[in-house]
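Notes follow the structure.
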Amino acid sequence: MNSSKAGESFEKTAASRWWKRIHLGPLLGLLLIAAVLSLTSDRFLTASNLMNVARQVSINALLAVGATFVILTGGIDLSVGSVLALAGALAAGWMSGGFSPAAAVAGALLVGLGAGFANGALVAYGRLAPFIATLGTMTLYRGLTLIYTGGRPISSMPDSFYALGGGYLGPVPTPVWMMAVVFAAGWLMLNRMTPGRRILAIGGNEEAAMLSGIRTDRYKLLVYGISGGLSALAGVVLTSRLHSAQPTAGTGYELDAIAAVVLGGTSLSGGRGSLWGTLVGAFIIGVIDNGLNLLNVSSFYQQAVKGAVILAAVLMDRRR
Amino acid sequence: MTYAVEMRGIRKSFAGVPVLRDVDLAVTAGEVHALLGENGAGKSTLMKILSGVFLPDSGRTVIHGREMVIDSIRTAEAAGIAMIHQELNVIPDLSVADNLFLGRENMWVRWGILRTARLREAARRELEAVGLNVSPSVPVRHLGVGEKQLVEIAKALSKQANILIMDEPTAALTETETKRLFTMIRSLKERGTAVIYISHRMEELLAICDRVTVMRDGRSVGTFDVRKTDLNTLVRHMVGRPMSDRYPKRQSEPGRCLLRVSNLRTKKLKGVRLEIRAGEVVGLGGLMGAGRTEVARAIMGLDPLEDGNIEVDGRPVVIRHPADALHHGLGFVTEDRKEQGLLLAQTVRENLALPTLGRRQRMGWILRKQENAMARRHMERLRIRAAGIEQPAATLSGGNQQKVVFGKWLETSPKILILDEPTRGVDVGAKAEIYELINELTAQGIGILLISSDLPELLAMSDRILVMYEGSVTGIFHRQEADQEAIMACATGQRRREEGNR
């Protein structure tokens with residue numbers, strides 16, 4: 001039969017499909033925006049500005065990695081901004097109370113992980129819709145943050161802590177390194193390891209995944225845990241960079257994270273998507289923010305422009 | 001003469017893979033014309049071209065003597081073409097009337113207000129025309145499958161459709177409903193409607209159709225007058241070779257008891273007992289809703305048990321999740337491939353790999369070479385017709401999707417395999433392949449629980465048959481003692497029959 005010939009060609013297309021997997025669409029969009037900005041502002045395409053963009057992007061990128069995992073299972077995590085604030089406040093509070101930065105950071109990360117697992121438990125075992133569950137905890141965790149801080153920022157921390165968010169390793173800012181490591185680890189887990197495959201299976205068809213012997217509840221717990229842990233990491237980095245933990249930090253960040261995931265081509269219904277796309281998505285948002293600042297656009301207009309660009313990008317992606 | 005539908009030299013490829021290579025189809029008005037072919041022969045694609053879902057790469061379509069480019073469903077509807085899909089497109093929570101006139105409510109709007117009384121009155125007339133006696137204000141959710149189908153037919157007719165495509169219309173119907181549908185089709189015929197009828201039930205074709213066009217591998221191989229041909233000829237053209245035996249059941253010698261279930265109780269089950277031996281096919285018969293699938297679900301750990309014991313290979317086991325069942329050597333080929341069996345967006349390889357991911361990994365890393373080899377092995381062994389292991393499951397035909405589901409369970413090397421309606425919606429050729437596979441498995445000492453609504457299949461393929469009625473087993477038959485009437489008597493609760501002598 002001639003199906004063997006067709007078979008070869010199908011496998012060949014799969015092998016040579018790497019360019020498809022890196023999602024050319026969003027990347028082209030990013031390059032287009034960058035090209036426009038480098039023509040309109042002479043400060044955009046400088047090493048220091050690009051490093052600055054990368055540093056700013058890293059916070060949202062960390063949240064967006066977690067959001068990608070959650071969204072791939074067909075869920076959503078609205079609580080990331082609140083977890084970020086809670087972890088930042090706890091780390092700052094513990095340091096001002098005399099704990100070493102290492103202990104405080106470790107403690108904050110554990111709290112973030114726990115907050116994420118709590119989300120996961122509400123979804124997996126409490127059978128709540130992810131939107132409802134994390135809408136509730138978003139408010140709950142923000143409340144806990146306000147209670148802990150009494151509504152006031154915490155800013156007395158040891159100087160050594162500031163290196164985490166503001167320092168450099170070689171020419172590259174520390175948070176950018178963290179972002180790179182987290183992305184690499186996430187990518188490997190998603191594309192080369194069994195948990196990633198199972199997460200994709202759950203988002204693709206939860207019933208079929210469960211019937212195939214996958215303990216779907218555990219993997220849901222896992223993805224919300226990842227999201228919580230990374231939110232806490234982002235919170236610690238932000239606190240370090242600002243030299244202060246704000247109880248209202250991270251408000252609305254969940255939307256930027258979700259926007260990055262969607263811009264990267266991940267399906268909100270789960271099962272399909274890529275971390276590489278999410279990284280590009282996070283950079284699109286970061287570059288727009290940075291560019292509008294460089295062009296002295298008022299912050300009111302910035303919001304409107306950003307929203308419009310996100311919609312345009314997603315619409316263009318749908319067309320292809 | 002002019003035909004109602006004339007399609008000539010239709011070709012269509014997807015992603016470079018030809019699905020239709022050269023198809024001719026001509027249907028006259030007032031004719032019921034069957035489209036026959038194995039899964040993957042291209043019937044659905046052809047019908048999607050006729051109903052405006054796809055555009056052909058080349059070929060001509062002539063409707064009532066006028067050449068047309070059917071570039072959308074709207075164009076098809078305007079030309080009087082309507083398709084009744086196998087998965088009925090009704091909205092369960094809307095009323096019958098609202099479903100009938102969905103998208104056309106404007107005909108009953110005045111001053112912005114929908115005049116519901118008039119809409120219902122119009123619906124009542126349309127329902128009468130198809131002989132459906134339900135209130136137009138009842139939500140469609142409350143109707144049976146056959147009634148929903150009649151609603152769809154009424155909807156098509158109310159749009160003045162005179163070319164009606166029916167895809168496997170009887171797949172989910174009872175015998176009475178099927179008879180009613182056939183009466184309906186005959187009256188459509190008298191009105192001069194052209195009906196294109198797709199079905200895998202050969203007996204039906206002879207009963208209702210006038211002519212048959214047979215398709216194979218994307219080509220039309222011939223059109224036959226039903227009165228001047230017979231089943232064997234049609235099947236031979238369809239599969240391209242003579243088929244000697246529809247049910248190639250091989251005798252096997254049942255061995256030790258692999259699965260013993262006793263007093264299985266859930267919400268739907270009232271104390272079910274069953275045993276499956278090595279190399280044995282146990283058939284599970286009964287009407288829809290009798291609790292057959294529920295038995296499988298309870299054994300697999302999908303529904304919580306109120307009571308019951310399960311022994312696998314002589315050892316009592318606790319199964320609370322399909323993962324436990326898998327661990328103990330149970331596999332479950334589900335009834336609904338699309339809803340429960342497959343990840344449609346993912347590839348053949350990824351689907352085959354899913355239940356056994358843990359076996360081809362080192363510290364969590366997936367061993368891709370082993371995975372690829374495994375996928376190729378199953379593609380070859382099961383003769384899955386796909387363009388490669390990387391083809392998305394959604395683009396496979398029904399029979400090939402079913403083979404993928406089989407493959408992923410075979411890879412788990414099960415002791416017991418539960419097959420829930422494994423041949424539903426599958427053509428004769430693929431059916432025979434599935435039966436051969438059952439023989440192969442029993443020869444290896446695997447025990448099989450075969451859930452089936454197809455009585456001839458159940459009688460031919462089972463060593464023993466259990467019949468269920470309202471959540472309990474009402475009859476147990478050995479192969480030699482079973483016949484259709486006795487099984488139906490137990491399935492309708494008119495008779496109970498305990499197990500005969502072993």
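In this structure, does residue B:152 turn out to be surrounded by 12 or more Cβ atoms within 10 Å (Cβ to Cβ), assigned to a helix (DSSP H, G or I) and in the same structural domain as residue B:191 (by TED's automatic domain parsing)? Give the derivation first.
Details: surrounded by 12 or more Cβ atoms within 10 Å (Cβ to Cβ): yes; assigned to a helix (DSSP H, G or I): yes; in the same structural domain as residue B:191 (by TED's automatic domain parsing): yes.
It is true that residue B:152 is surrounded by 12 or more Cβ atoms within 10 Å (Cβ to Cβ), assigned to a helix (DSSP H, G or I) and in the same structural domain as residue B:191 (by TED's automatic domain parsing).
For residue B:345, only one of the following conditions fails: (1) within 14 Å of chain A (Cβ to nearest Cβ); (2) modelled with pLDDT under 90; (3) surrounded by 21 or more Cβ atoms within 10 Å (Cβ to Cβ). What is its number?
The number of the failed condition is (3).
From B:302, B:352, B:382, B:330, grab the single residue that is more than 7 Å from every other protein chain (Cβ to nearest Cβ), of a type outside the set (Phe, Trp, Tyr) and over 22 Å from residue B:441 (Cβ atoms). Break it down into steps so the answer makes sense when it comes.
Working: B:352 fails: over 22 Å from residue B:441 (Cβ atoms); B:382 fails: over 22 Å from residue B:441 (Cβ atoms); B:330 fails: over 22 Å from residue B:441 (Cβ atoms).
Exactly one residue qualifies, and that residue is B:302.
Could you list, in sequence order, the residues of the stretch B:1-38 that are assigned to a loop (DSSP other than H, G, I, E, B), crowded, with 23+ Cβ neighbours inside 10 Å and not aliphatic (A, V, I, L, M)? So that I can check it myself, show each step before the final result.
Let us first name the residues in the stretch B:1-38 that are assigned to a loop (DSSP other than H, G, I, E, B), namely B:1-4, B:15-16, B:28-31, B:38.
Checking which are crowded, with 23+ Cβ neighbours inside 10 Å leaves us with B:4, B:38.
Scanning the stretch B:1-38 gives a single hit, B:38.
Any idea which of B:172, B:129 is in contact with a helix residue (DSSP H, G or I) (Cβ under 8 Å, 6 or more places away or on another chain), within 23 Å of residue B:77 (Cα to Cα), surrounded by fewer than 21 Cβ atoms within 10 Å (Cβ to Cβ) and modelled with pLDDT under 85?
Every option except B:129 fails the conditions.
Tell me whether the stretch B:205-213 contains one or more residues that are within 19 Å of the chain's Cα centre (by Cα) and modelled with pLDDT under 90. Steps first, answer last, please.
Looking only at the stretch B:205-213, we keep the residues that are within 19 Å of the chain's Cα centre (by Cα), and these are B:205.
The next check asks that each one be modelled with pLDDT under 90; those that pass are B:205.
Looking for residues that are within 19 Å of the chain's Cα centre (by Cα) and modelled with pLDDT under 90, one finds at least one in the stretch B:205-213, hence yes.
Looking at the stretch A:151-163, is at least one residue hydrophobic (A, V, I, L, M, F, W, C), modelled with pLDDT of 95 or more and either part of a helix (DSSP H, G or I) or out of contact with any strand residue (DSSP E or B) (no Cβ under 6 Å at 6 or more places or on another chain) (or both)?
No - not one qualifying residue is present in the stretch A:151-163.
Taking the conditions exactly as written (part of a loop (DSSP other than H, G, I, E, B) and under 19 Å from residue B:329 (Cβ atoms)), does residue B:255 satisfy them or not?
On the way: part of a loop (DSSP other than H, G, I, E, B): yes; under 19 Å from residue B:329 (Cβ atoms): yes.
Answer is yes for this residue.
Pick out the one residue from B:296, B:325 that is buried (at least 19 other Cβ atoms within 10 Å of the Cβ) and either facing chain A (nearest Cβ under 9 Å) or among the polar types (S, T, N, Q) (or both). Outline the logic, then answer.
Details: B:296 fails: either facing chain A (nearest Cβ under 9 Å) or among the polar types (S, T, N, Q) (or both).
Answer to the selection: B:325.
Residue by residue, here is whether (1) under 10 Å from residue A:232 (Cα atoms); (2) more than 17 Å from the chain's Cα centre (by Cα); (3) touching a residue at least 24 places away in the same chain (Cβ under 8 Å) holds:
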position: A:40; (1), (2), (3): no, yes, yes
position: A:54; (1), (2), (3): no, no, yes
position: A:77; (1), (2), (3): no, no, yes
position: A:92; (1), (2), (3): no, yes, yes
position: A:96; (1), (2), (3): no, yes, yes
position: A:101; (1), (2), (3): no, yes, yes
position: A:111; (1), (2), (3): yes, yes, yes
position: A:119; (1), (2), (3): no, no, yes
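Considering only the stretch A:196-231, state which residues are over 19 Å from residue A:272 (Cβ atoms), surrounded by 24 or more Cβ atoms within 10 Å (Cβ to Cβ) and facing chain B (nearest Cβ under 9 Å).
Scanning the stretch A:196-231 gives A:211, A:213.
Here's the yes/no breakdown for (1) in contact with a Phe, Trp or Tyr (Cβ under 8 Å, 6 or more places away or on another chain); (2) at pLDDT below 90; (3) outside the structural domain of residue B:200 (by TED's automatic domain parsing):
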position	(1), (2), (3)
B:339	no, yes, yes
B:350	no, no, yes
B:355	yes, no, yes
B:362	no, no, yes
B:367	no, no, yes
B:387	yes, yes, yes
B:396	no, yes, yes
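Within the stretch B:273-321, work out how many residues are farther than 19 Å from residue B:468 by Cβ and among the aliphatic types (A, V, I, L, M).
Residues flagged as farther than 19 Å from residue B:468 by Cβ and among the aliphatic types (A, V, I, L, M) within the stretch B:273-321 amount to 5.
Kindly provide the set of residues from the stretch A:165-195 that are assigned to a helix (DSSP H, G or I) and within 14 Å of chain B (Cβ to nearest Cβ), ordered by number.
From the stretch A:165-195, those assigned to a helix (DSSP H, G or I) are A:165-166, A:174-192, A:194-195; that's our starting set.
Listed by number, the residues that qualify are A:185, A:186, A:187, A:188, A:189, A:190, A:191, A:192, A:194, A:195.
Looking only at the stretch A:61-78, how many residues end up being buried (at least 24 other Cβ atoms within 10 Å of the Cβ) and within 23 Å of residue A:289 (Cβ to Cβ)?
Step one: of the stretch A:61-78, the residues buried (at least 24 other Cβ atoms within 10 Å of the Cβ) are A:61-73, A:75, A:77.
Now drop any that are not within 23 Å of residue A:289 (Cβ to Cβ), which leaves A:61-68, A:71, A:77.
Residues flagged as buried (at least 24 other Cβ atoms within 10 Å of the Cβ) and within 23 Å of residue A:289 (Cβ to Cβ) within the stretch A:61-78 amount to 10.
Checking residue A:180 against (1) among the aliphatic types (A, V, I, L, M); (2) surrounded by fewer than 16 Cβ atoms within 10 Å (Cβ to Cβ); (3) farther than 22 Å from residue A:102 by Cβ, which single condition isn't satisfied?
Residue A:180 satisfies every listed condition except (3).
Condition first: crowded, with 22+ Cβ neighbours inside 10 Å and facing chain A (nearest Cβ under 8 Å). Now tell me which residues in the stretch B:333-342 satisfy that.
Selection gives B:334, B:341, B:342.
Output the strands (runs of 3 or more DSSP E) that fall wholly within the stretch B:189-243 and possess 2 or more residues being surrounded by fewer than 21 Cβ atoms within 10 Å (Cβ to Cβ) and in contact with a strand residue (DSSP E or B) (Cβ under 7 Å, 6 or more places away or on another chain), or say none.
Details: elements: B:194-198, B:211-216, B:219-225.
Hits in the stretch B:189-243: B:211-216, B:219-225.
The values are calculated or read from the model by the stated rules, or taken from the named source; none is laboratory data. If you're wondering where the values come from, they're calculated on a predicted model, not measured in any experiment. Positions of Cβ are generated from backbone atoms using ideal geometry, with glycine treated the same way; all protein chains shown enter the neighbour counts.
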